[in-house]
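The values are calculated or read from the model by the stated rules, or taken from the named source; none is laboratory data. Everything numeric here is computed off the predicted structure, so don't read it as measured data. Every residue, glycine as well, gets a Cβ built from its backbone with ideal geometry; the counts of neighbours run over all protein chains shown.
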Amino acid sequence: MKARIFLLIALVAMVSCQSKDPVERRIDKLLSQMTLEEKIAQMTQVCGGQISDNIAEQIRNGAGSMLNSVGAEADYYQHIAVEESRLGIPMIFARDVIHGFRTIFPIPLGQAATFDPDIVEEGARIAAKEAMQAGLRWTFSPMVDVARDPRWGRVAEGYGEDTYLASVMGAAAVRGYQGNDSIVQMAACVKHFAGYAASEGGRDYNSTWIPEIQLRETYLPPFKAAIDAGSLSVMCAFNDLNGVPASGNKHLNVDILRDEWHFDGVLVSDWASLQNMNNQGNSANLKEATKLCMDAQMDMDMESKGYPRHLKELVEEGKVSETTIDNCVRNILRMKFRLGLFDNPYCYTENPEYFTPESLSAAQKAAEESAVLLKNNGILPLNNNSKLTVLVCGPMANAPHEQNGTWCFDKDDAMTITPMMAFRKLAKEGKVRLIEQTGEHWSREFNKENITTLVRLAKQADVVLYFAGEESILSGEARSRALLNLPGDQSEQIRAIKATGKPIVLTVMAGRPLCIREDIDRADAVLYAFHGGTMQGTALANLIMGKVAPSGRLPMTFPMGEGQIPFYYNYKMPSRLMAKSPKLINDIPLRAYQFSVGESSYWLEYGNKPLYPFGYGLTYTTFEYGPVVLSDTCLIASSPYNLIASCEIKNAGKYDAVAVPQLYIRDVVGSLTRPLRELKGFQRVNIPAGETRTVTFEISEQDLAYWHLAEGVSLGSEGEYTFSAEKGDFHVWIAPNAAEGEYVQFALVE
Ligand code: NOJ
């Protein structure tokens, strides 16, 4: 009998083993050969940047990953891992390749402004191709934190304020980095999980409080989209979310990421975030933080030193089980197998191909598409004119380091084309006459002499092309700003130039939306270009000269002033309706009675509108949007048929240009209050001058679904959440931005 039972068990084990995926079988085999120390080493990410005996020793002992080790150095260490460590497990080399490796693309916020996922995908593909030649197989990108506060410097690194846009762009970036083959090119790492961008006051590393429903509705979908697109890894955020630091947050990392989403890739900490958990005060020391992260099933420790120092001890004390460790190592090895590292650990090449014509032209196209025309009194485009004298000036006119933006360790300023260089080329070709502002200038400069010179030069020019903005160091990680003006005396320079009576074309190259209403008022045309990378100079010259018509759209609401922040388009209707023309502070009569100016929701200084809404952007033509036509007035729940919304768009001007129709939907009455509008689709449509195109969008029941409480559960109780559409009326717009257009109504019915 005993023998029979034994045989049965052996048979079941054999069958289940054989039914396992071959990769899982290889992982099991390797795991069975690894010592506890080797497993912990796999879970540790070491920082490189130098050849050192100490690092080499850690690798011989089985270190799993390195960050910031690039090129020949990475190759050297990989040889040690494969040839000199006991089991020869290859390392995975990681780096922040955020918007390009050598060829720099616009910052992600600028890429979001293209409303063109193909641009994002292509940029990521090229970044991966370049980075892999330096031995890198893992990038800490894309950042999909939905960001509604431009004071937070990291808005530069993400795709703006909208959940849908961030989801589409994040998924495109993952596809670009990882490629379509069964062997992944470069592993993406979607970050920062989760809620990081909601930091209080826009101050980096700050606390976030996000109710579960808002977390699910606003902040989590882009992560899910990136994971569905195949992202092999996820990075924890620095912030504490509802009192629990993200790295040790079981609700995020276990309940949602592993149990709900079944994520089987690598969850890596952010840099030293276990140590940060002590600063945050939810653990007294590194050992306690290590235990919390293990409870939250975080696979890899990036430079906190908690895992290498304390994990073994925690296992020996019985506080962390070896099964937990095995699960983490399994995830790490799985990523390495998916990258084909065991078969092909080396990808470094001594003769890399960087800045190829293909990469440069993609970077230029991205920079062209990312610039948003905010204002134009008709001065743009300038068009080729050998008699037109332009003054090219401003701190960003010739500042290669600055225009590349935050996070580009491997850029080459010498390969970067600035606006000044591009206009020099045009002048040489006889397409324009150029006056240059000479000398080095920076955005925070205060210099009276400079202003005098600018006024003198402006008087000699027909048009002043002023390139304003922020230096790259003013945005990105740890670069929160309280005042979102143009730093230094840029506004004073613009004022002085304006006084000469010469027309000003203002181009802003910045890492975030700035509050520059008065500067915009003084300009005749304004292009908002973000930090646009290697080819931004050529791209801007093409836009200004009319070789290319602007097609960028704002990925964030531009506020009138900092006091409106956070201000995003998909807010909810306030309890008292918004007055059409609210009385502003200086219009209120003296000794006015309380409530005599009404009871509506607005700011006394600004009214209730932003300076520019989400999705906004002009071009050199005008588009006329026809009414939205629906295929039906009802959508039947659970039926396989979708609604079709369509609209005609006419290019009523003289230039061929790209329209960016945006599909917005409002759920008129919900069991929870619903946003005024939500983006559900967008397209880029090239429409030749004088022609009309019909655009169509499908609307499914899924597009109407949202997170709310399950029936019978009241708010404030231990809620059960559900993601579904509720029956009733909906409004739908196909509009050029979040503030325009006329809606039509339909109903979701039984
Ligand atoms: C800290 C940042 O928050 C994260 O985004 C980055 O990937 C890591 N450092 C690694 O450099």
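One table, with the values for the structure above:
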read-out	value
Verdict on P90 being within 30 Å of K39 (Cα to Cα), more than 16 Å from the ligand (Cβ to nearest atom) and in a loop (DSSP other than H, G, I, E, B)	yes
Near pairs, Cβ below 9 angstrom, 6+ apart or cross-chain, from the stretch 265-294 (of a type in the set (D, E)) to any residue that is away from the ligand (no atom under 16 Å from the Cβ) and in a loop (DSSP other than H, G, I, E, B)	E288/N282
From A197, A188, residue being over 16 Å from N242 (Cα atoms), within 16 Å of the ligand (Cβ to nearest atom) and modelled with pLDDT of 95 or more	A188
Helices (runs of 4 or more DSSP H) lying entirely in the stretch 18-82 (those with 3 or more residues that are more than 36 Å from the chain's Cα centre (by Cα))	22-33, 53-60
The one condition in (1) of a type in the set (V, I, T); (2) under 24 Å from N253 (Cβ atoms); (3) more than 15 Å from the ligand (Cβ to nearest atom) that I183 fails to fulfil	(2)
Pick from the stretch 209-244, criterion within 22 Å of G719 (Cα to Cα), in contact with a Phe, Trp or Tyr (Cβ under 7 Å, 6 or more places away or on another chain) and in a helix (DSSP H, G or I), ranking: farthest from the ligand (Cβ to nearest atom)	I213
Members of the stretch 232-254 found to be of a type in the set (S, T, N, Q), touching a residue at least 60 places away in the same chain (Cβ under 8 Å) and touching a helix residue (DSSP H, G or I) at 6+ places or on another chain (Cβ under 7 Å), listed by number	S233
Qualifying residue in the stretch 527-541 (condition: of a type outside the set (K, R), out of contact with any Lys or Arg (no Cβ under 7 Å at 6 or more places or on another chain) and surrounded by fewer than 21 Cβ atoms within 10 Å (Cβ to Cβ))	no
Where a residue in the stretch 445-456 is surrounded by 11 or more Cβ atoms within 10 Å (Cβ to Cβ) and its partner, wherever it lies, is in a helix (DSSP H, G or I) and not small (G, A, S), with Cβ under 8 Å and at least six apart	N450/Q493; I451/E492; I451/Q493; L454/Q493; L454/I497; V455/I497
Long-range neighbours under 9 Å by Cβ, at least six apart or interchain, first residue without any contact (Cβ under 8 Å) to a residue 12 or more places away in the chain within the stretch 194-211, second of a type in the set (G, A, S)	E200/S207
Selection within the stretch 716-739 - free of Cβ contacts under 8 Å to residues at least 24 places away in the same chain and part of a loop (DSSP other than H, G, I, E, B)	G716, S717, E718, E720
Sole residue being loosely packed, with under 14 Cβ neighbours inside 10 Å and among the hydroxyl-bearing types (S, T, Y), chosen from S700, S714, S724	S714
From L434, L465, L486, residue being over 28 Å from P613 (Cβ atoms) and either touching a Leu at 6+ places or on another chain (Cβ under 9 Å) or in a helix (DSSP H, G or I) (or both)	L434
Count of the stretch 575-603 residues which are part of a loop (DSSP other than H, G, I, E, B), surrounded by 13 or more Cβ atoms within 10 Å (Cβ to Cβ) and not polar (S, T, N, Q)	7
Test result for I256, assigned to a loop (DSSP other than H, G, I, E, B) and either within 16 Å of the ligand (Cβ to nearest atom) or more than 21 Å from G160 (Cα to Cα) (or both)	no
Residue list for the stretch 293-324, restricted to those being farther than 27 Å from Q185 by Cα and of a type in the set (A, V, I, L, M)	M294, A296, L311, L314, V315, V320
Filtered residues of the stretch 270-292 (kept if within 22 Å of I92 (Cβ to Cβ) and within 16 Å of the ligand (Cβ to nearest atom))	D270, W271, A272, S273, L274
Enumeration of residues in the stretch 93-118 that are closer than 18 Å to G170 by Cβ, within 16 Å of the ligand (Cβ to nearest atom) and in contact with a strand residue (DSSP E or B) (Cβ under 6 Å, 6 or more places away or on another chain)	V97
Odd one out for N68, checked against (1) under 30 Å from M415 (Cβ atoms); (2) touching a helix residue (DSSP H, G or I) at 6+ places or on another chain (Cβ under 8 Å)	(2)
Subset of the stretch 295-308 [surrounded by fewer than 24 Cβ atoms within 10 Å (Cβ to Cβ), away from the ligand (no atom under 16 Å from the Cβ) and over 22 Å from P222 (Cα atoms)]	D295, P308
Verdict on V146 being away from the ligand (no atom under 16 Å from the Cβ), in contact with a helix residue (DSSP H, G or I) (Cβ under 7 Å, 6 or more places away or on another chain), at pLDDT 95 or above and not hydroxyl-bearing (S, T, Y)	no
Residue that is buried (at least 24 other Cβ atoms within 10 Å of the Cβ) and within 13 Å of the chain's Cα centre (by Cα), where the choices are M186, M169	M169
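A quick yes/no check of all residues on (1) among the charged types (D, E, K, R); (2) within 20 Å of P222 (Cβ to Cβ); (3) without any contact (Cβ under 8 Å) to a residue 60 or more places away in the chain:
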position	(1), (2), (3)
L643	no, no, no
C647	no, no, no
L663	no, yes, no
V669	no, no, no
L676	no, no, no
G690	no, no, yes
R693	yes, no, yes
E711	yes, no, yes
Q745	no, no, no
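Yes/no per residue for (1) away from the ligand (no atom under 16 Å from the Cβ); (2) in contact with a Gly (Cβ under 6 Å, 6 or more places away or on another chain):
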position: V120; (1), (2): yes, no
position: G123; (1), (2): yes, no
position: K129; (1), (2): yes, no
position: G153; (1), (2): no, yes
position: A156; (1), (2): no, yes
position: L165; (1), (2): yes, no
position: G170; (1), (2): no, no
position: Y205; (1), (2): no, no
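Table: residues versus (1) in a helix (DSSP H, G or I); (2) within 20 Å of Y612 (Cβ to Cβ); (3) among the charged types (D, E, K, R).
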| site | (1), (2), (3) |
| --- | --- |
| D145 | no, no, yes |
| R148 | no, yes, yes |
| R151 | no, yes, yes |
| V155 | yes, yes, no |
| Y159 | no, yes, no |
| Y164 | yes, yes, no |
| S167 | yes, no, no |
| Y177 | yes, no, no |
| I183 | no, no, no |
